[in-house]
Amino acid sequence: MGARKIRFHPKKYRHNKQLDKLFNEYDEKVDLFKNYMEICISIFLKNLKLPEKLMTRILQTAISIPESKDAVVINACLPNPPDMPATKEVRFIKTHNELRESRLSERERNKIYDEFIYSLALALIRLTFTLDVRKRVDLTTLNGWVRYRDEANGKITEACIISLQVRRKEFTSVNLRYVDAKACFRKLKGVGS
């Protein structure tokens, strides 16, 4: 890399050097491989352009890797459906000199929520297989968790609302560019509530 680029993007250069070092050493220890995966997934999640309310929850996503390094388990922290944006559009009414907001229907919000969580799940699984350029990881499991207040007892509860376990060969044969995320998730034998 040229000296000019290093001076122009020093933070980016240091960050890339850190990733390169982790990548080169990740064969040696499970902890380094896990650290490498966590950093990359964290960067991916931080670069999503989402409202802060959604990001706070999503950034709590965690991964685990067994000693064999042939599998990755992602425990994705998902937002609750009520956390999704509800505004459909905002119009300026010139005659009244005011802004009017129209809201999404409950059905529209649920559809957007489903598309979001299934798309995020597939993206995270794809990312784990893509990051493992040495192709050691053969199996990825994703569990999508929500935290909510249980109306029956008033306590904060966590529940797994989506789960998918898929092998590299099966997943990489799918062209994600042309699929409906929910249909693809189910075809891969994913379970969602």
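The values are calculated or read from the model by the stated rules, or taken from the named source; none is laboratory data. On a predicted model such as this, the values are computed, not experimentally measured, just so you know. Methodologically, a virtual Cβ is constructed for each residue, glycine included, from the backbone with ideal geometry; neighbour enumeration extends over all protein chains shown. To get the accessible areas, we keep the full protein, side chains included, count just its heavy atoms, and leave off ligands, DNA and RNA. Shrake-Rupley method; radii C 1.70, N 1.55, O 1.52, S 1.80 Å.
Mind grabbing the base-10 log of I(q)/I(0) for region 83-193 at q = 0.19, 0.21, 0.23 Å⁻¹? Debye formula, identical points on the C-alpha positions, no solvent, two decimal places. Listed by q, the Debye log ratios stand at -1.01, -1.12, -1.24. A Cβ-based charge dipole, computed about the Cα centre of the chain with Lys and Arg at +1 and Asp and Glu at -1, lands at about 840 debye. Length gained on full extension, ILE58 to ARG107: 15.3 nm, using 0.36 nm per residue less the C-alpha separation.
Dipole orientation for region 99-193: of the candidates LEU124, SER173, LEU99, SER173 has the Cα lying most toward the positive pole (charges on Cβ; Lys, Arg +1; Asp, Glu -1). Compactness of region 60-122 is given as radius of gyration and Dmax, 19.2, 68 Å, from Cα positions. When THR95, THR157 are compared by accessible area of protein heavy atoms, the largest-first order is THR95, THR157, using a 1.4 Å probe. Among the listed pairs LYS21/LYS187; LYS46/LYS182; LYS49/LYS69; LYS12/LYS187; LYS111/LYS187, those with a Cα-Cα distance over 28 Å are LYS21/LYS187; LYS49/LYS69; LYS12/LYS187.
Computed on the chain, with alpha-carbon pairs under 8 angstrom and 6+ residues apart, the relative contact order is 16 percent.
Can you give me the % of accessible surface on region 38-193 that is carbon or sulfur? Probe 1.4 Å, all protein chains present, nothing else counted.
Its accessible area is 52 percent carbon and sulfur atoms.
Short to long, the 5 Å bins of the Cα pair-distance histogram for the chain hold 1, 6, 13, 15, 16, 14, 11, 9, 6, 4, 2, 1, 0, 0 percent of all pairs.
Considering only beta bridges that DSSP places wholly inside the chain, some 75 percent are antiparallel. In the full protein context, region 42-82 carries 52 Å² of accessible surface per residue, based on a 1.4 Å probe and ignoring ligands, DNA and RNA.
Net charge in the neighbourhood of PRO66 (other residues with Cβ under 12 Å of its Cβ; Lys, Arg +1, Asp, Glu -1) is 0.
Near LYS189: Cβ cut-off under 11 Å, other residues only, Lys/Arg at +1 and Asp/Glu at -1. The net charge is +2. Calculated on the Cα set of region 46-94, radius of gyration then Dmax: 17.2, 65 Å.
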